[in-house]
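Data first, discussion second: the structure below is written as structure tokens.
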Amino acid sequence: MTARRARIEDVHELALAMPHVTVWPGSQDRPIYQVGGKSFVFFRNPRPDAVDPDTGERYADVIVFWVGSEDDKQALVQDPGTPFFTTGHFDGHPSVLLRASRVGELSRDELAEIVQDAWLAQASARRGAAWLATR
């Protein structure tokens, strides 16, 4: 059986399914998912650092996911099999970027792992340990 491809709705469902999550509308009604006041997934406004290489137009559909470490980040952005990327603006920042238009390149299970890892990267040690104990 083939794994179901991820959809943009899955990002929202998976983020909301994590414990202790709050949602802020963000600017232009782009949601920001937080745990303990720390963002772990957010939908980014178009910025000059993330542009289409052919047209120069700003990507309007970038999602930011926190990661646990620089090694985790590099593993995702350097793997040609994943749609994740980064920009110079995020050098040294523990996050990866994904265009919403490419979310379907991931399975729902792969996306769930990314969202859960993002939550774990930002949750307190106590909350993270409690959630992991239920897994």
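For the chain, the percent of C-alpha pairs falling in each 10 Å distance bin, counted from 0 to the bin holding the largest distance, reads 12, 43, 36, 8, 1. Against the chain, whose longest principal axis comes from its Cα atoms, helix 108-122 is set at around 70 degrees. Panel order for 79, 54, 61, by other beta carbons found within 10 Å of each beta carbon, from fewest to most: 54, 79, 61.
Over 18 Å, how big is the tail of the calculated P(r) for the stretch 56-117, in percent of all Cα pairs? Display every interim value, and only then the final one.
Details: 549 of 1891 pairs.
When every Cα pair of the stretch 56-117 is considered, 29 percent fall beyond 18 Å.
Once you have a ≥ b ≥ c as the square roots of the Cα gyration tensor eigenvalues for the stretch 1-54, tell me rounded if a/c is under 1.5, and otherwise prolate or oblate according to whether a/b is larger than b/c. Oblate shape, in that a/c is at least 1.5 and b/c is the bigger or equal ratio. Relative to the longest principal axis of the Cα atoms of the chain, the long axis of helix 8-17 makes an angle of roughly 20 degrees.
Taken together, the values in this text are just the output of simple stated rules run on the coordinates, not laboratory data. A quick note: this is a predicted structure, and the numbers were derived from the prediction, not measured. Reconstructed Cβ throughout: ideal geometry from the backbone, glycine too, with neighbour counts over all protein chains shown.
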